Amino acid sequence: MTDLLFKKESYQIIGICMEVHRTLGMGLKEVNYKDAIEIDFVAQGILYDREQKFSVRYKEQVLRNPYIPDFVVFDSIIVEVKATPCIIDEHVAQTLSYLAVTGMKLGLLVNFGERSLKWKRVVK
């Protein structure tokens, strides 16, 4: 059996997201959930960057518009926050694109827009 990539760290992140969802419920804007997640990251001493910009290159040129994932946690995990009725293929594709641009291997796609928190591990 294979071990999950960043198992302990993922557990911590999802635990925080579950607490945020349990406290705030569904129906808020993504930015509200990101603000709450950030409060808990700080409280738990978790290393993170919010909306860090990553350059995209084309033929040795940096493109004007960077990729900006919601969070980079532990310098190794992309966390993409949604507040939609369900996770769709485009959300997974967006997370995969973030992984490709950053060179990271794991993304956590977390949706606060449903009655219970839904998340998906996206591995490159």
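The values are calculated or read from the model by the stated rules, or taken from the named source; none is laboratory data. Being a predicted model, the structure only gives us computed values, none of them experimental. With ideal geometry, Cβ positions are generated from the backbone for all residues, glycine too; neighbour counts draw on all protein chains shown. Just the protein is used for accessible areas: all its heavy atoms, side chains included, with ligands, DNA and RNA removed. Shrake-Rupley method; radii C 1.70, N 1.55, O 1.52, S 1.80 Å.
Here are a few things to note about the model shown:
- Antiparallel %, DSSP beta bridges [both residues in the chain], to 5: 70 percent
- Simple point charges give the picture: +1 on the Cβ of Lys and Arg, -1 on the Cβ of Asp and Glu, and for region 31-124 a dipole about the Cα centre of about 300 debye.
- Surface composition of the chain: carbon and sulfur atoms hold 53% of the protein heavy-atom accessible area at a 1.4 Å probe.
- Shape summary: region 1-117 maps onto an equivalent ellipsoid whose semi-axes, from the alpha-carbon gyration tensor, are 24, 17, 15 Å in decreasing order.
- Given R0 = 30 Å, the distance between the Cβ atoms of R22 and N65 translates into a calculated FRET efficiency of 0.25.
- Solvent exposure of region 1-95 as accessible area per residue, Å², 1.4 Å probe: 66 Å²
- Highest-fluctuation residue, A83, A43, A100 considered, GNM on the chain with Cα pairs under 10 Å: A43
- The chain: most fluctuating residue of V101, V110, V72 per GNM, C-alpha cutoff 10 Å: V101
- Within a Gaussian network of the chain (alpha carbon springs, distance under 10 Å), most fluctuating of K34, K105, K59: K59
- Distance violations [Cα-Cα > 32 Å] among K34/K105; K7/K59; K8/K34: K7/K59
- Taking the helices alone, the chain has a mean residue ellipticity at 222 nm of -12000 deg cm²/dmol, built from -39,500 (n - 2.57) per DSSP H run of at least 4 residues and averaged over all its residues.
- Compared with the dominant Cα axis of the chain, that is its longest principal axis, helix 30-43 is turned about 80°.
- Estimated FRET transfer efficiency when R0 is 22 angstrom, pair D3-K120 (beta carbons, to 0.05): 0.75
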